[in-house]
Each structure stands twice: as structure tokens, then as C-alpha cells.
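Undergrad: Below: one structure in C-alpha cells.
The values are calculated or read from the model by the stated rules, or taken from the named source; none is laboratory data. Keep in mind it's a predicted model, so treat the numbers as computed, not measured. In this analysis, Cβ positions are derived from the backbone assuming ideal geometry, glycine residues included, and neighbour counts consider all displayed protein chains.
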Amino acid sequence: MTVGELLSRISSRELTEWMAFYRLEPWGAEVDDQRAALVAATVANTWRAKGPPAKVEDFMPRREPQPVQAQSWEDQVRILEAWWKGASAVRQGGGPY
């Protein structure tokens, strides 16, 4: 929606009030991500055996592009073997947990 379309639906005053409200009580994906990250960090810290505590930032999605690292064929074989081992354990009623 363009600004013109927005202003044809609500007044400038109402838009200003919504902007002020957003500054006090933000909403949207970023806030939702922060809430989910807070819960994830809390759960991770509850089950942490040792090491530094997890931070909320550890669970926030990264929005900037990440560099791509090349994998050797040996790395790919190790990844597939680990995946197959986990999948086989789950199929047999076991699993890593």
C-alpha cells in the first residue's frame, strides 16, 4: 500500500497516533523473533549442563547474507553418515534424546 492509499483510508492524525503507539509498543516480525528467542534461550539455559549461558541474540535469525563455505566431499560424507545414523536410530525407536 502506498502512502497515498494509506492516507485515503485514515487521517494524518490517526496515522500519527499509530506511529506514536508503535514507538511505545512495537509489533511485527522483529518483536516476534525476539520473543521466540527469549523462550529458546530460557529453555536452553534450563537444560545447560556447563559452559556459558545462552543469550537471546544466539537465537535471533540472521538477516544479513552469510558467507558460503565450500565443503569437501569428505565433509559431505561425514554429514550424510551422521544424518543416516540419527535417522536409523529414530526408525528403531531410539534417538539422540
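Undergrad: D75 - would you say it is surrounded by 10 or more Cβ atoms within 10 Å (Cβ to Cβ) and either in contact (Cβ under 8 Å) with a residue 12 or more places away in the chain or over 27 Å from the mean Cα position of the chain (by Cα) (or both)?
TA: Here the answer is no, as D75 does not meet what is asked.
Undergrad: Follow-up. Within the bounds of the range 68-86, is there any residue that is in a loop (DSSP other than H, G, I, E, B), at pLDDT 85 or above and among the hydroxyl-bearing types (S, T, Y)?
TA: There is at least one residue in the range 68-86 that is in a loop (DSSP other than H, G, I, E, B), at pLDDT 85 or above and among the hydroxyl-bearing types (S, T, Y).
Undergrad: Here is a follow-up. Please identify the pairs in which a residue from the range 17-40 that is over 12 Å from F59 (Cα atoms) has its Cβ atom under 6 Å from the Cβ atom of a residue that is surrounded by fewer than 11 Cβ atoms within 10 Å (Cβ to Cβ), counting only partners at least 6 apart or on another chain.
TA: So the pair list comes out empty.
Undergrad: Of all residues in the range 56-72, count the ones that are aliphatic (A, V, I, L, M) and within 23 Å of L38 (Cβ to Cβ).
TA: Summing the residues that are aliphatic (A, V, I, L, M) and within 23 Å of L38 (Cβ to Cβ) in the range 56-72 gives 2.
Undergrad: (1) touching a helix residue (DSSP H, G or I) at 6+ places or on another chain (Cβ under 6 Å); (2) surrounded by fewer than 12 Cβ atoms within 10 Å (Cβ to Cβ); (3) among the aromatic types (F, W, Y): which one isn't true of F59, the others all being true?
TA: (2)
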